[in-house]
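Just below is one structure, and these are the notes that go with it.
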Amino acid sequence: MNIDKRIADDLAANGVSFVTTVPCKQLAGVIEEIDHRDDIFHIPSNKEDEGMGLCAGAWMGGKRPAIIMQNTAIGVTINALATLIQYYRMPLPMLISYRGELREPVACQVEMAVHTKALLAQLNIPAYHFHWQKDVEELDNILKYTFMCNKPVAILTDANFWGGYGDQ
Amino acid sequence: MIRSEILKEIAPILRSQLVVCNIGIPSQELHAIDDQPTNFYMLGTMGLASSIGLGLALAQPKPVIVIDGDGSILTNLGTLPTIGNNAPGNYILMIIDNGSYGSTGDQPTYTSQSTDLAGMARAAGCARVVEVQDKDTGPALEEALASGEATVLVVKCDSGNAKMPVITMDPVVIRDRFMKAVAG
């Protein structure tokens, strides 16, 4: 299975046509796939809260948005999530590279990993953890759920899901 | 002129357009001067007006006017390269540059000293950047609308705020009536 294509196909099948990204090594393949597709508009952001602003505007303009980012971004987007996405009740699928989990080679990444689920829980943001590649089978349901309830939803994808982080 | 005087003067131009308005006193002033369903008021999230407006302009064809401030642009400077490389012809970013953080007590921003937002927008790749004095805002805004080109309009004006009530409308109501106006 080409996991990058599978993710992009699920986004497109759920009508997601506006995707903003801040890169992570683990997300390089899916970002490249989205950049090449005609059915998804890709706009890179310089910072993840900026990206959430873009997504909020795109949704009010009639497009279904998504953001692709690293879990460190939770640290810079809490205000945007609480006072924009949640306060105005907007849907936002967040495909998140879950750095600092099993098979992570960079110790500093663990420092945000240990806070990631707690911060999402504190914000009452539904979170799904993809650890095995077959977990991607849930993505279609998660996207449907997100646009049903108009909430931000986190999909945490760790190094094991992506097949290791370079050294395996 | 201060921001509220400019908003009063350009209200007839804004009335028929989609407007994304910056957090705090700018939104309170616009709401009090001429509340319209085509206005999206930011009640929080400093810095993201330009980004929300850009997403909106990219998603649909109607013109979008963002009313932003120098302090908010400085908070989210990464927005300028994103605008410079992606903004469609229906996008107008109007930065009311009064050299101060108006909503928090008029503390000076760096644009009151050496920082030049128009120059920064040009350096970020924005092709049509216009800087005007407060009294020339209306004609410059109409020109920007007529140009059909993405425009960054920097309006230099005095620091100061009008005393206006806080917006008590529910955010979901603001968003819902705005989305209906966008689709209508």
Rough spin-label spacing in nm, given labels placed 7 Å along Cα→Cβ, for A:ARG103 and B:GLU9: 6.2
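Apply the a/c threshold of 1.5 to the C-alpha gyration tensor of region A:3-157 and tell me whether it is rounded, prolate or oblate. Let's see the in-between values first.
Numbers: a/c = 1.43, a/b = 1.14, b/c = 1.26.
Rounded.
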Amide H of B:GLU131: which non-local residues (sequence gap of 5 or more, or other chain) have their own amide H closer than 5 Å, using H built in the peptide plane? B:VAL154
At most 15 other Cβ atoms within 10 Å and a DSSP loop assignment: could you name the trypsin sites (Lys or Arg not before Pro) in region B:1-101 that fit? B:ARG15
What shape does the protein assembly as shown have by the C-alpha gyration tensor, where a ≥ b ≥ c are the square roots of the eigenvalues, rounded means a/c under 1.5, and otherwise prolate means a/b greater than b/c and oblate the rest? prolate
Would you please name the chymotrypsin sites (Phe, Trp or Tyr not before Pro) within region A:71-168 that are DSSP coil residues with at most 11 other C-beta atoms within 10 Å of their C-beta? A:TRP132
Counting helices only, and only those DSSP H runs with n ≥ 4, report the 222 nm mean residue ellipticity of the protein assembly as shown as the sum of -39,500 (n - 2.57) divided by its residues, in deg cm²/dmol to the nearest 500. -12000 deg cm²/dmol
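Under the definition of partner shielding as Cβ atoms of other protein chains within 10 Å of a residue Cβ, what is the mean value for peptide B:79-86?
Working: counts 6, 1, 3, 10, 0, 0, 2, 4.
That works out to 3 on average.
With charges only on Cβ, +1 for K and R and -1 for D and E, what is the dipole size of region A:3-157 about its Cα centre, in debye, rounded to 20?
On the way: 14 positive and 18 negative charges, 76 e Å.
Using only the charged Cβ atoms, the result is roughly 360 debye.
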With DSSP loop assignment and no more than 15 other C-beta atoms within 10 Å, the trypsin sites (Lys or Arg not before Pro) in region B:140-184 are B:LYS163
Long-range amide H partners of B:GLY69, meaning residues 5 or more apart or on another chain whose placed amide H is closer than 5 Å, are B:ILE96
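Average partner chain C-beta neighbours within 10 Å, per residue of B:161-174?
1
Give me the extension gain from A:HIS36 to A:MET148: residue separation times 0.36 nm, minus the current Cα-Cα distance, reported in nm with one decimal.
Numbers: separation 112, 0.36 × 112 = 40.32 nm, distance 2.79 nm.
Separation in residues times 0.36 nm, less the Cα-Cα distance, equals 37.5 nm.
Note down the relative contact order for chain B as a percent, whole number, built from C-alpha pairs under 8 angstrom at least six residues apart.
Working: 359 pairs, mean separation 49.3, N = 184.
Averaging sequence separation for qualifying contacts and normalising by length gives 27 percent for chain B.
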For A:PHE130, enumerate residues with amide H under 5 Å from its amide H, sequence gap 5+ or separate chain, H modeled in the peptide plane. A:LEU156, A:THR157, A:ASP158
Short version: ³J(HN,Hα) in whole Hz for each residue of region B:150-160, in order, from phi by Karplus 6.51 cos²θ - 1.76 cosθ + 1.60 (θ = phi - 60°), x for Gly and Pro, what are they? 4, 10, 10, 10, 9, 9, 7, 8, 7, 6, x
Which whole-Hz couplings ³J(HN,Hα) result when phi for each residue of region A:47-62 is put into the Karplus expression 6.51 cos²θ - 1.76 cosθ + 1.60, θ = phi - 60°, listed in order with x for Gly and Pro? 8, 6, 6, 4, x, 5, x, 4, 5, 4, x, 4, 5, 5, x, x
Shape call, region B:3-183: gyration tensor on alpha carbons, a/c limit 1.5: rounded
Strictly over 31 Å apart at the Cα level, which of A:LYS47/B:LYS163; A:LYS151/B:LYS163; A:LYS151/B:LYS135; A:LYS47/B:LYS8; A:LYS47/B:LYS135; A:LYS5/A:LYS151 would you flag in this model? A:LYS47/B:LYS163; A:LYS151/B:LYS163; A:LYS151/B:LYS135; A:LYS47/B:LYS8; A:LYS47/B:LYS135
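Calculate the mean, over all residues of peptide B:33-45, of how many other protein chain Cβ atoms lie within 10 angstrom of the residue's Cβ. Intermediate values should be presented prior to the final figure.
Working: counts 0, 0, 0, 0, 0, 0, 0, 4, 0, 6, 4, 7, 13.
Across the residues of B:33-45, the mean count of other-chain Cβ atoms within 10 Å is 3.
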Convert each backbone phi in region A:19-31 into a coupling constant with the Karplus relation 6.51 cos²θ - 1.76 cosθ + 1.60 (shift: θ = phi - 60°), then list the ³J(HN,Hα) values in order as whole Hz, x for Gly and Pro. 10, 10, 9, 10, x, 8, 4, 5, 9, 4, x, 6, 5
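Can you tell me what share of the DSSP beta bridges in region B:3-183 is antiparallel? A percent to the nearest 5 is fine.
Values: 2 of 27 bridges.
If I count the DSSP bridges inside region B:3-183, around 5 percent turn out antiparallel.
We did not get these values from a lab; they are worked out from the coordinates using the rules stated. What you are looking at is a predicted structure, and each value in this text was computed from that prediction instead of being measured. Cβ: placed from backbone, ideal geometry, glycine included. Neighbour counts: every protein chain shown.
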